[in-house]
Amino acid sequence: MGAFDAGGKRTFHLFARAWSEWLLQQEGLEVEAELSGEFQIVTRSTDTLMRVRDEAGQIFLVLTELQTRYDRQIPQRLAAYAALAREKYRLPVYVTVLYLLPPPAGVAIQRFFRSEFYGQVAHQDFDVICLWELNAVDALALDNPALLPFIPLMEGGSNVSTLQLCVERLRSEEDPEELELLLTFFATLVMDPRLVTQITRWNMQMIKESPLYQELVMDLVSLRDVQKGVQKGVQKVMRRLSRSCGAFSPSAFSLLKHTLMRSSLGSI
């Protein structure tokens, strides 16, 4: 999984209730449990699956899939996830997909899955959230900490004053370091990465302690030949990021690559 997908999942886990209430536009939800999104029978896994109870006492599942960009296989994949979740947990499912970046020009995002074959119809609706279509000012006004790392990707969110405000609000939360790192990653998709890191004070200690960072460099320290292993491992990480985040600027890649090299060599 790419860095941004993994980071987004962390936000969902850290603020499960706030995220669910925003998705459903409904207060008073109780997240009873975060469930396993792995479906062993077909080796499928969704990003986040939560069992939720609303104020009326209705229990259901909230399934969230985070994607850096749209691809044409996602609607069918979401339909499969929803069906598997219903089968495994015997509960109705509310399905959402969150896209971080817009698709190429001329590509329309499909907002439901439908298949008809010999008169048999399969249909799955899902909520589609395109961050670039959301207004950053409106999102900030909600005062929902689950949204703060995503603000720079929203309309009107990729500027210095808005990023500074996001950082200030994150630092008022308990244990803000990981979310601030995630905010930094997302902001570098649409802003100058060096400016972003100056504002967020992205430092080596923060990076090393983050589970997001640990996922990125997990392969680096296991290689026997340290110098060659680190270089090879960094190249592997950068290829993973390239596949999942095509819009990541060359300067941002250079900054991250340098950081990974320094940290990995220093910790071995």
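The values are calculated or read from the model by the stated rules, or taken from the named source; none is laboratory data. It should be emphasised that the depicted structure is a prediction, and the values quoted were computed from it without experimental measurement. Ideal geometry is used to build each Cβ from the backbone, glycine not excepted, and the neighbour counts take in all protein chains shown.
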Inset, instruction - Inspect the stretch 210-233 for any residue being out of contact with any helix residue (DSSP H, G or I) (no Cβ under 7 Å at 6 or more places or on another chain), modelled with pLDDT of 60 or more, farther than 28 Å from residue 102 by Cα and not in a helix (DSSP H, G or I) and give the result as yes or no. - result: no
Legend entry - Pair list, Cβ under 6 Å, 6 or more apart: the stretch 110-130 residue closer than 22 Å to residue 92 by Cα, other residue surrounded by fewer than 10 Cβ atoms within 10 Å (Cβ to Cβ) and basic (Lys, Arg): none
Inset, instruction - Scan the stretch 137-156 for residues that are within 24 Å of residue 108 (Cβ to Cβ) and buried (at least 20 other Cβ atoms within 10 Å of the Cβ) and jot them down. - result: 150, 153, 154
Legend entry - Answer residue from the stretch 198-209, given it is assigned to a helix (DSSP H, G or I), at pLDDT below 60 and closer than 21 Å to residue 169 by Cα and is farthest from the chain's Cα centre (by Cα) among those: 205
Legend entry - Selected residue (only one of 81, 99, 94 is surrounded by fewer than 20 Cβ atoms within 10 Å (Cβ to Cβ) and either modelled with pLDDT under 90 or within 17 Å of residue 127 (Cα to Cα) (or both)): 94
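Looking for whichever is among the hydroxyl-bearing types (Ser, Thr, Tyr) and under 18 Å from residue 51 (Cα atoms) here; the options are 99, 89. Which one fits?
On the way: 99 fails: under 18 Å from residue 51 (Cα atoms).
Step by step, each of 99, 89 is checked, and only 89 is among the hydroxyl-bearing types (Ser, Thr, Tyr) and under 18 Å from residue 51 (Cα atoms).
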Inset, instruction - Please state which of the following conditions residue 124 fails to meet, knowing it meets all the rest: (1) assigned to a strand (DSSP E or B); (2) within 24 Å of residue 27 (Cα to Cα). - result: (2)
Legend entry - Residue count, the stretch 109-121 (criterion: assigned to a loop (DSSP other than H, G, I, E, B) and of a type outside the set (Lys, Arg)): 4
Legend entry - Leading residue by the ranking (surrounded by the most Cβ atoms within 10 Å (Cβ to Cβ)) among those in the stretch 179-197 that are assigned to a loop (DSSP other than H, G, I, E, B) and not acidic (Asp, Glu): 188
